[in-house]
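Q: If you scroll down you'll find the structure; I have some questions about it.
None of the figures in this text is laboratory data; all of them are computed from the coordinates on show. Owing to the predicted nature of the structure, the values given are computational and were not obtained by experimental measurement. We place every Cβ from the backbone using ideal geometry, glycine too, and count neighbours over all the protein chains shown.
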Amino acid sequence: MIAIAIDGPAGAGKSTIARRAAAELGYIYVDTGALYRAVGLFMIKKGISPSDSAAVCPLLEQVQIRLAFQNGEQKVLLGNGDVTGEIRTPEVSMAASDVSAIPEVRTFLFSLQQNIAKTNNVVMDGRDIGTVVLPNAQVKIFLTASPEERAKRRFAEMKEKGEPVVFEEVLADLKKRDYNDSHRTVAPLVPAETAIVVDTTGNTLEQSVEKLLSIIKSNL
Ligand code: C5P
């Protein structure tokens, strides 16, 4: 099986770029952030603070997450419900960042991620794919962009969806998540030793997709 690991901070364009690259290559695109989001959403629904590890851990055995793939698109199922849309709110983003710092949550999601890559060619995106989840991935890419550029993209996306957003809040949220993700003790966000770092600041989506595809193809 072939695995392409794409890591990087929130808003670097990972999901859009990785999805496009997967489609070109005929691989499955796996968005691992959605798994952390589903755990975060579960805790919110139970009325539990996502950063309270003593409350979160005992509940993990009740969390049933499945990823389903239809025409290359990933659907996230929590219990019997499809939560693909529901996990995209700012509240769930922050909850995902909080639960992701709990080692037991990471262990809980680890085998789920590995199993998908055992039976499929994947482009998998996240924060620790090249370093922890798929250390033997054939190609590892660390995708990044300046915080301002990433916040600008996220802001435009949310505005287009008609959500009431304030740019400064988007930027502050993103910087807080960056800090959480890169300072946690387990699986912090750092480029894998052999990762190729791609900075997408100032690039159009097309340029970034092209760049990624050419890196992937020349490293396979
Ligand atoms: O990628 P996305 O923004 O959807 O991820 C939500 C949160 O899940 C991130 O802020 C990060 O804290 C966490 N995450 C992680 N490891 C991954 C993917 C996401 O810790 N592999």
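Q: Tell me what the chain gives for mean residue ellipticity at 222 nm when only DSSP H runs of n ≥ 4 count, each as -39,500 (n - 2.57), the sum divided by the residue total, rounded to 500 deg cm²/dmol.
A: -15000 deg cm²/dmol
Q: What does the charge add up to near Gly81, with Lys and Arg as +1, Asp and Glu as -1, over the other residues with Cβ less than 15 Å from its Cβ?
A: Net local charge, Gly81 excluded: +4.
Q: Still on this structure, I have one more. Mind checking the full-extension length gain between Ser111 and Ser49? Use 0.36 nm per residue of separation minus the Cα-Cα distance, one decimal, nm.
A: Extending this stretch completely gives an extra 19.8 nm.
Q: Here is a further query. So if each residue of separation counts as 0.36 nm, and I subtract the Cα-Cα distance between Glu24 and Lys176, what length gain in nm does that give?
A: Result: 51.4 nm gained on full extension.
Q: Apply the a/c threshold of 1.5 to the C-alpha gyration tensor of the range 82-155 and tell me whether it is rounded, prolate or oblate.
A: Oblate, because a/c is 1.5 or more while a/b does not exceed b/c.
Q: When the chain is treated as a GNM, springs tying every alpha-carbon pair under 10 Å, which of Ala68, Ala21, Ala195 comes out with the largest mean-square fluctuation?
A: Ala68
Q: Using unit Cβ charges (K, R positive; D, E negative) and no other charged atoms, how large, in debye to the nearest 20, is the dipole of the chain about its Cα centre?
A: 300
Q: Now, a different point. What span do the alpha-carbon atoms of the range 107-220 cover on each of the three principal axes, reported in whole Å from largest to smallest?
A: Principal-axis extents of the range 107-220 (Cα, largest first): 41, 33, 25 Å.
Q: Let me ask something additional. Suppose every K and R has +1 on its Cβ and every D and E has -1 on its Cβ; what is the size of the dipole of the range 138-207 about the Cα centre, in Debye to the nearest 20?
A: 160
Q: Turning to a different aspect of this structure: Working out 0.36 nm times the residue gap between Ala156 and Lys217, then minus their Cα-Cα distance, what length gain in nm do you get to one decimal?
A: 18.9 nm
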